[in-house]
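Below is one structure, written out as structure tokens; comments come after it.
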Amino acid sequence: METTAGPPVCLVTGGNRGIGREVCRRLAARGATVLLTARSPEAAETAAQGITGDVHPVTLDVTNAPGVVRAAEEVRSRFGRLDVLVNNAAITYDTWQRASTADLDVVREAAETNLYGPWRTVQAFLPLLRAGGHGRIVNVSSEAASLTNMGGGTPAYAASKTALNALTRMLAAELRPDAILVNAICPGWVATDLGGPGGRPVPDGAAGIVWAALLPDSGPTGGFFRDGRPLPW
């Protein structure tokens, strides 16, 4: 990805651990200015200090609408633009539930972070993405959101990520004239706090997200990918 104003400015939600932290590390290693966000300033600061490169901690809780607006204003005043938004923060891989008996309070809570969180974050940061002229929005999704292969498990997680995929398609169509590429990325089953043990290594999951974050202007938009290859919706 090339910009006329220097290295790309990239913000990663949930950047203090797991896949998010590895995405921050890889983007910084590629020379990007990285805005590593976490819900608490202490978590953001600690994680940012552990990564080599131009990494800045930012406090951001995607479920806190006023806080998201404050974070966008902070980025505007400090950097003047945003080139890449990685919506990585997510909760509730509810393997204990089935759709027919799901606790809808759990589903509602998952949607607040996994769907409404990215949605409000895009809305708050969209003026900054437009200002950069080469915007990229990466929505970290899951193959569990694929309608083609969907079963009855993890209903809160799957439904919220399926809705995130729909948002990806809508934003991609709307923002195409602004040269903002919007894609959904499945990192695969990764061994993180959310995914649990036994999954693929974190760097493998992060690689596809970084690929989408740094796409050239001629790259795809409105797609659903894992490891740079299309997945069925």
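Here are a few things to note about the model shown:
- DSSP beta bridges in the range 115-233 [antiparallel fraction, %, rounded to 5]: 20 percent
- When DSSP beta bridges are restricted to pairs lying wholly in the range 9-230, around 10% turn out antiparallel.
- The GluC sites (Glu not before Pro) of the range 1-90 meeting both criteria, a DSSP state outside H, G, I, E and B (loop) and at most 13 other C-beta atoms within 10 angstrom of the site's C-beta, are Glu2.
- Cα centroid separation, the range 153-183 to the range 1-45: 21 Å.
- Theoretical ellipticity at 222 nm over the chain - DSSP helices of four or more residues, -39500 (n - 2.57) apiece, nearest 500: -12500 deg cm²/dmol
FYI, it's all coordinate maths here, none of it is from the lab. Only a predicted model underlies this, so the values are computations on that prediction, with no experimental measurement involved. Note: ideal-geometry Cβ built from the backbone for every residue, glycine included; neighbour counts use all protein chains shown.
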